[in-house]
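Since the structure comes first, as structure tokens, the remarks are kept for the end.
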Amino acid sequence: MFERKVAIVGYAMSDQADRIEDTREGMIFDTVRAALLQAGITRDQIGTVVMCSNDFYDGHTISNAFTVEPAAAYAKDETKVEQDGMHALLYAAMRLASGNYDVALVVAHSKGSEFEAQVALSAQLDPTYDRQFGWFNDISMAAFQARAFLDKKKLPEEVLAQVAAKNFANARKNPKAKARDYSAAAEAIARSKPLFTPLREQTVYPVTDGCCVAVLAAEPKARKMKNKPIWIKGIGHWQEAYALSERDLTKMESAKKAAKRAYKMAGVTQPAAEIKVAELSEHFAHQELQLAEALGLCEGTSAAKNLEAGRFGLKGKLPINPSGGALSACALGTVGLVRAVEAAQQVLGEAGEHQVKGVKLALAHGQCGPAAQNNVVAVFGK
Amino acid sequence: MAEEEKKAAGETKSVKGAWDVKYRWTFRQDLMDRYVAGLKEKKLWGTKCHRCGRVYVPPKDICGKCFEEIDENWVEVKDRAELVTYTVGYTSITGQPYPEPQITGTVRFEGSDSWALGPIRGLKPEDIKVGMKLKVVWREETKGQLSDIEHYAPAE
């Protein structure tokens, strides 16, 4: 439980698409400036800055050394996490809850167009057993999880294309998403290039460029800002073993435990009824179904049945990823913060064409590590 | 400025670079030596947690679940295994297409609680099933190296 309540009081995000002609610093500067303007604050009001990126993605060690200035962190208390933007949001919220600062800036960014993503991601693998023969990467590790889940639930591979089809259809209403002009036909997605079965090109995250910024404030300051505060009602973080071999890949135990903590803090006892929209970091199509089950968002026990019944669609009872999710745009390490900002926009009624009606409580999820080893879940509300 | 305009105006330019840092990772040689010495004799050795009894193959010196050191508690497991999950790879880890699809899987040796990762050969992608019995296919002349396990194949 936080000592002081913390809220999102401002936000901005760049296009989550290819921005090859932009410099990283320019992308960050533009997005941070837009967030300060949107929040109605100036740089001198920011107490602390928490960034998220990854040295391997940026090609620099301690890469925030280069991004301090465009992120408005010059001569301020600034730090960086290398997990996901949701982790940055969690740490910024804790810095505010501690009473040391009143306003924090959370800045997540990466430029997938500037590096070989799968080579960089392979560096997360254990160097002794898992890396040296060159058999595994981020996608094949998730493919093991996908196969274990589909097999356990006796689901056909086509269900993965149906997840992507729903998200691509949503992305058509999201001008920021790379997938805004993708075809949302499940048949075509199910025939897209096979990578590691059952995963295909269109059921795996498309690596994009992108920056996302959230302005956080603690009470009482949060109530005196320009925008209505969207409170972090609950937040939870959990992780399990690195080794896939020591996890039950059919379940997402760490996501389940993270959600349990978030729900307890938020006073949510019936998530499937109380949560009105969920933005999940489904880096791979099967993970959306696994997360929906682990987070208790289903009617009954089968996420696939909920999906088929339209419950997770934009007009369904509990829309999942109205923005299009990570399958529609994935700036690595930025994805979770995009989910949090999307959730805040849904509560504010500012989500534009993909707005869900009457959202009181919205959920956002971020993850990192092979096959979603490490998860953060947050619940937002007025 | 729109992307196309920036490009046309030559406002930005990219330079190429690489991060070619060599590493020398340190690991428990006593564990690895014992493990690969077993491989040379076509035997699989793992370590067993004193507290929870979990058997780790390949061996670990710390049981993270119990936060306990596993000290010289060696157990032998069988070189027969069950397929826990698998994937058929159509591209290499860097995205180059394979000439032939490659099957990799996670296998649980009889007597082990953790799984090993590796390639599976000797069957068509459409014939592979979760739960099927596999055997270790050893290199003809084992050398006391991790590559002594060439691959896994159906146990007939």
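The values are calculated or read from the model by the stated rules, or taken from the named source; none is laboratory data. Bear in mind the structure is a predicted one, so any value in this text is a computation, not a measurement. Ideal geometry is used to build each Cβ from the backbone, glycine not excepted, and the neighbour counts take in all protein chains shown. The protein model used for the area step is the full one, side chains on, heavy atoms only, and it has no ligands, DNA or RNA in it. Shrake-Rupley method; radii C 1.70, N 1.55, O 1.52, S 1.80 Å.
Taken residue by residue and averaged, Cβ atoms of other chains lying within 10 Å of the Cβ of B:88-98 number 6.
With the convex hull drawn over the C-alpha atoms of the range A:1-57, the volume per residue is 143 Å³. Considering every alpha-carbon pair of the protein assembly as shown, the percent of pairs per 20 Å bin, from zero through the bin containing the longest distance, is 22, 53, 24, 1.
The trypsin sites (Lys or Arg not before Pro) of the range A:296-349 that meet both conditions, a loop assignment by DSSP and at most 13 other Cβ atoms within 10 Å of the site Cβ, are A:Lys315.
Taking the Cα centre of the range B:29-154 as origin and assigning +1 to Lys and Arg Cβ atoms and -1 to Asp and Glu Cβ atoms, the resulting dipole is close to 360 debye.
Given Cα pairs under 8 Å that are at least 6 residues apart, what percent is the relative contact order of chain B?
Details: 272 pairs, mean separation 31.3, N = 156.
Relative contact order here is 20 percent.
Basic side chains Lys and Arg get +1 at the Cβ, acidic Asp and Glu get -1 at the Cβ, and with that the dipole of chain A about its Cα centre reaches some 1680 debye.
Using DSSP, restrict attention to beta bridges with both residues in the range B:29-154 and report what percent are antiparallel, rounded to the nearest 5. Expressed as a percentage, antiparallel bridges in the range B:29-154 total about 95. Simple point charges give the picture: +1 on the Cβ of Lys and Arg, -1 on the Cβ of Asp and Glu, and for the range A:1-143 a dipole about the Cα centre of about 520 debye.
Ignore the peptide's own chain and count Cβ atoms of other chains within 10 Å of each Cβ in A:15-25; give me the average, rounded.
Partner-chain Cβ atoms within 10 Å, mean over residues of A:15-25: 3.
Note on the range B:111-150: dipole from Cβ charges, positive end direction compared against B:Gly144, B:Leu117, B:Val130; the farthest Cα belongs to B:Val130. Among the protein heavy atoms, those of A:Tyr263 account for about 20 Å² of accessible surface (1.4 Å probe, every chain in place).
The mean number of Cβ atoms from other chains found within 10 Å of a Cβ in peptide B:79-85 is 3, as a whole number. Per-residue ellipticity at 222 nm computed for chain A from its helices equals -9500 deg cm²/dmol, with DSSP H segments shorter than 4 residues left out and the rest contributing -39,500 (n - 2.57).
Across the options A:Leu125, A:Val81, A:Asn321, the greatest Cα extent toward the positive end of the charge dipole of chain A (unit charges at beta carbon of Lys, Arg, Asp, Glu) belongs to A:Asn321.
Ligands, DNA and RNA excluded, the heavy atoms of B:Trp45 present near 60 Å² of accessible surface to a 1.4 Å solvent probe.
Using +1 at the C-beta of Lys and Arg and -1 at the C-beta of Asp and Glu, which of A:Val277, B:Pro154, B:Gln29 has the Cα lying farthest in the positive direction of the dipole of the protein assembly as shown? Of the listed residues, the answer is A:Val277. Summing Lys and Arg as +1 and Asp and Glu as -1 over all other residues whose Cβ lies under 10 Å from the Cβ of A:Gln45 gives a net charge of 0. The figure for A:Trp135 is an accessible area of roughly 60 square angstrom, using a 1.4 Å probe on the protein chains alone. If the viscosity is 1.306 mPa s and the temperature 10 °C, what translational diffusion coefficient in µm²/s does Stokes-Einstein give for chain B when Rh comes from Kirkwood over Cα pairs? Once the numbers are plugged in, D ends up at 85 µm²/s.
Multiply the residue separation of A:Lys251 and A:Glu116 by 0.36 nm, subtract the distance between their alpha-carbon atoms, and state the gained length in nm to one decimal.
Working: separation 135, 0.36 × 135 = 48.60 nm, distance 3.00 nm.
Full extension of this stretch gives 45.6 nm more.
In a fully extended conformation the segment linking A:Ala273 and A:Ser183 would gain 29.2 nm over its present Cα-Cα distance, using 0.36 nm per residue. Percent of Cα pairs in the range A:14-127 per distance bin of 5 Å, from zero to the largest separation: 2, 11, 21, 24, 20, 11, 7, 3, 1, 0.
Below 25 Å, Cα to Cα, which lysines can B:Lys42 reach? Residues fewer than 8 away in the same chain don't count. In chain and number order, the partners are B:Lys60, B:Lys78, B:Lys133, B:Lys135, B:Lys143. Computed on protein heavy atoms with a 1.4 Å probe, the accessible areas place A:Val356, A:Val119 in the order A:Val119, A:Val356, largest first.
In the neighborhood of A:Ala217, defined by Cβ-to-Cβ distances under 11 Å, what is the net charge if each Lys or Arg adds +1 and each Asp or Glu adds -1?
Values: positive: A:Arg4, A:Lys5, A:Lys221, A:Arg223, A:Lys224, A:Lys226; negative: A:Asp102, A:Glu219.
That sum, taken over residues with Cβ under 11 Å, equals +4.
For the residues A:Pro370, A:Pro319, A:Pro156, a GNM of chain A with alpha-carbon springs under 10 Å puts the largest fluctuation on A:Pro156.
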